[in-house]
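Peer 1: Following this message is one structure expressed as structure tokens.
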Amino acid sequence: MKLNNTLYIIILFIVQISFGQTSGNKEIQGQIFEQSTVVDGVNIINNNTQVTAVSDTNGMFSIVVKEGDVLVFSSVNLEPLKRRISAEDLASNSITIKMSAKEIELKEVVVNENANITAENLGIIPKGQKKYTPAERKVYTATSTSVDKLLNAISGRTTMLKKEVKVEKKEALFRKMEYLFEEAYYTDRLKIPLEYIKGFQLYCVDSPEFAVSLNTKNKTMSMFLITGLAQEYLTIIEHEK
């Protein structure tokens, strides 16, 4: 009988320890934003228990925590973030997480190792003279004199050449987009169907703000703007179906 009582006390002690370890644990809900945009695919790990979760397409997630636990948030395009769970978080049963896009410096493409050797340095043209693209040179030539302006205005050639300049600039923006964003970024992150990617890129380069972000190599701004443009474009193609 004494052995049974001892065994009973030991079992009761183990149960109390287990209860003490799990007490305070609670499943809470959360939502993740980058700026004002919800973010999916963010990995969340409880550093204390190693429990993990992933945010859904609405940026939502749920995870078991207790007061004092530290949650670590990470994603490919976002800066890592740590958040310690407070008593207030547990009481409200929800948390909001604000993450920031990574600052990624764009790589420079070296076209010519002897780029310091220019027509200006060689004295062929005066220093500080405006440089024109091929299409811009055609427009300049077509409008350089009053007679040329009149003749070309009559023929419509100047209008055609100016269109060439616009096309040339858009082609340059297209190349920058292809360099910055891989195909999977459009389909997985922005939810753009594969067959609509080229049309979406054209939609993006028509945006003056987005064009400025590409030309100034501000990838953070480009990523922010392209998310809004993707939502607009998805609405447009949905209405066309």
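Peer 1: Could you tally the net charge around residue 225, taking each other residue with its Cβ under 11 Å from the Cβ of residue 225, Lys/Arg +1 and Asp/Glu -1?
Peer 2: Local net charge: -1.
Peer 1: Sticking with this one: Which peptide among 38-44, 85-91 comes first, and what is the full order, when sorted by highest mean count of other Cβ atoms within 10 Å?
Peer 2: Order by mean packing, descending: 38-44, 85-91.
Peer 1: Something else now. Between the alpha-carbon centers of segment 184-241 and segment 79-104, tell me the distance in whole angstrom.
Peer 2: Segment 184-241 and segment 79-104 have Cα centres spaced 28 Å from each other.
Peer 1: Just to confirm a number: summing +1 for Lys and Arg and -1 for Asp and Glu over residues other than residue 63 whose beta-carbon lies under 15 angstrom from that of residue 63, what do you get?
Peer 2: It works out to a net charge of 0.
Peer 1: Modelling each spin label as a point 7 Å along the Cα-to-Cβ direction, I'd like the residue 231/residue 168 distance in nm, to one decimal.
Peer 2: Output for this residue pair reads 3.7 nm.
Peer 1: List residues of segment 27-41, by number, whose backbone nitrogen lies under 11 Å from a label position 7 Å along Cα→C-beta of residue 102.
Peer 2: None, by backbone N distance to the label point.
Peer 1: Go ahead and run the numbers for FRET between residue 86 and residue 217, Cβ-Cβ distance against an R0 of 51 Å, rounding to 0.05.
Peer 2: So, using R0 = 51 Å, E works out to roughly 0.80.
Peer 1: Taking 0.36 nm per intervening residue step and subtracting the Cα-Cα distance, what contour gain separates residue 57 from residue 198 on full extension?
Peer 2: Extra length from residue 57 to residue 198 when fully extended: 48.4 nm.
Peer 1: Over segment 25-101, calculate the relative contact order: mean separation of alpha carbon pairs under 8 Å at least 6 apart, over the residue count, as a percent.
Peer 2: This gives 37 percent for segment 25-101.
Peer 1: Among the listed pairs 26/219; 170/191; 98/169; 82/170; 102/169, which have their C-alpha atoms separated by more than 32 angstrom in this model?
Peer 2: Distance filter (> 32 Å) returns 26/219; 98/169; 82/170.
Peer 1: Taking a temperature of 4 °C and a viscosity of 1.567 mPa s, what whole-number D in µm²/s does Stokes-Einstein yield for segment 181-240 with Rh from Kirkwood over alpha carbon pairs?
Peer 2: So the translational diffusion coefficient is about 111 µm²/s.
Peer 1: Please work out, to two decimal places, the log10 of the ratio I(q)/I(0) at q = 0.13, 0.25, 0.29 Å⁻¹ from a Debye calculation in which every Cα of segment 35-87 carries one identical scatterer.
Peer 2: Summing over Cα pairs of segment 35-87 leads to -0.30, -1.01, -1.20.
Peer 1: Evaluate E = 1/(1 + (r/R0)^6) for residue 240 and residue 38, where r is the Cβ-Cβ distance and R0 equals 35 Å; express this FRET efficiency to the nearest 0.05.
Peer 2: 0.90
Here, each number is a calculation from the coordinates, and none is a lab measurement. Because the structure is predicted, anything quoted here is derived from the model rather than measured. Cβ sites come from the backbone with ideal geometry, for glycine too, and all protein chains shown count toward neighbours.
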